[in-house]
Amino acid sequence: MAMRLPAAAVLLCLVDVLHAFAIEEKGDVFKRTACPAFLMFDNAAYLADMTFELPCNCKPEEVSSVIWYFQKNVGSHKTTVLTDFAGTVVVDSGHIHAGSDVLKRFSIRMFSLIVFRAQVTDSGHYLCGTKKGEFFYGYDVDVQPTKHITVAFVDRGQHVQDDYTEKLFSLFTAFWDWTRCDRCGVRGEQRRIGLCYVQSAQLHPRYRAAMPNVTSCGSRAVPAHFQHPGRLRRPEVAIRSCLTPCPKEEAPEEGVQAISNVISKLGEKPWLPRVPTQFHKQPVGSGLIITCPGARPEHAVAWDKDSVRLYRSRYLVGVNKSMRVFIDHGNHLHIQWVQVSDGGTYFCWREGKMVAGFRLGVMYQHRHRRTFNDPETIYAAKAIGMSYVLISIVFIIIHVCRCCRRVFRCPART
């Protein structure tokens, strides 16, 4: 026993040394990456409703925290500061809504800026710098809309858009790789996102992309007279079916398996759930958005309600004109005007593996008496009052016109 204690102490010391070495290696990234003398902007394109991360790829060694700035255009006098001046803003992504301002949809972690559920209005320039206004690194972010996105279901024989070529530029779709099959052991789906890109020799040299003379259609590097055709080309999503086996999992110990089988035979569920499950109550008539834990835009995400598969071929937003339950292009599950029938357990698959459950209970809201101080009561009183005033004015005008008409029609008495 006496010999084991020194060995354990040595092992703990080695773990601390390795941990410190890992932190030091992470810090050495900024030593190896020199900041450019002239600020350039890296092009980055995303779909609306996606969550993206922008790393601050370079900074002086003495800077311990960074501040992010947002500008719609270079040199604009209107600049938004995305920080609490401590460099550590934490946002609960579960409370993020699509209509929220960007100041409520960002977080800074390890010098990187994370923007949740990006919107088209978030397109612009993001700069990493200090409180004094020194800039180290910049991004030209292009968030492309999903309102009129082109969806092609490969199993139905549908195809993507053709390229568009002009004299000075050409438009094409650059596709991401196919995702993994979003389910295992059953029929799943694969998704491939395509964004609009333009190729031209007249792009602004201050912006750089992965390929020369190529940038996304909404980039500020595109000349103004090129941007109108770019708006006519929509982003694309291709979806196809897939089938992949589930990886073999380690079987539980023999004793635990035997007890679990006994409980299952008695009609009871084992106390060990398949996935972590969160319980939530939602009032009838409200809206709900469910996010898959740990999912990123490039991940393959699928949703099930109990034993029903919510395939994108039926539940993808925009497939039907009127959809109350749908999946958006950011992998979020939307339930509008929650009904009692929506209650149940929603399971989330990520990268082909079921990772979480969401137990939804639907409840009725208790009615309460309205008072004259309630905003709804004040609004209703104003609306009714204005309507009464307008109707009265119209009524008076009509009767005045009728009287005038009768007076002019009557013959003058002699």
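The values are calculated or read from the model by the stated rules, or taken from the named source; none is laboratory data. Keep in mind the model is a prediction, meaning the values are calculated, not measured. Ideal geometry is used to build each Cβ from the backbone, glycine not excepted, and the neighbour counts take in all protein chains shown. Surface areas here come from the heavy atoms of the whole protein model, side chains and all, with no ligands, DNA or RNA. Shrake-Rupley method; radii C 1.70, N 1.55, O 1.52, S 1.80 Å.
All of LEU171, LEU243, LEU195, LEU203 fail the test of being open to solvent by 40 Å² or more (accessible area, probe 1.4 Å) and either touching a residue at least 24 places away in the same chain (Cβ under 8 Å) or more than 22 Å from GLU53 (Cβ to Cβ) (or both), apart from LEU243. Every test in (1) closer than 30 Å to LEU288 by Cβ; (2) in contact with a Phe, Trp or Tyr (Cβ under 8 Å, 6 or more places away or on another chain); (3) at pLDDT below 75 is passed by GLY87 save one, and that test is (1).
Just a yes or no: is a residue in region 291-307 within 17 Å of the chain's Cα centre (by Cα), charged (D, E, K, R) and part of a strand (DSSP E or B)?
no
With the structure loaded, tell me whether GLY129 is more than 19 Å from the chain's Cα centre (by Cα) and touching a residue at least 40 places away in the same chain (Cβ under 8 Å) or whether it fails that test. So GLY129 fits the description; yes. Here GLY343 fulfils each of the conditions (1) modelled with pLDDT of 90 or more; (2) crowded, with 18+ Cβ neighbours inside 10 Å apart from (2). Taking into account only those residues within region 184-214 that are in contact with a Phe, Trp or Tyr (Cβ under 8 Å, 6 or more places away or on another chain) and polar (S, T, N, Q), which is modelled with the lowest pLDDT? In this case the residue turns out to be GLN202.
Of the residues that make up region 154-166, is at least one buried (at least 19 other Cβ atoms within 10 Å of the Cβ) and touching a Gly at 6+ places or on another chain (Cβ under 8 Å)? Scanning region 154-166, I find no residue that is buried (at least 19 other Cβ atoms within 10 Å of the Cβ) and touching a Gly at 6+ places or on another chain (Cβ under 8 Å), so the answer is no.
With a requirement of 2 or more residues that are closer than 17 Å to PRO235 by Cβ and among the aliphatic types (A, V, I, L, M), the strands (runs of 3 or more DSSP E) lying completely within region 132-219 that satisfy it span 135-144, 150-153, 169-175, 187-200.
In this structure, ILE263 does not qualify as at pLDDT 90 or above, in contact with a Phe, Trp or Tyr (Cβ under 9 Å, 6 or more places away or on another chain), of a type in the set (A, V, I, L, M) and surrounded by 12 or more Cβ atoms within 10 Å (Cβ to Cβ).
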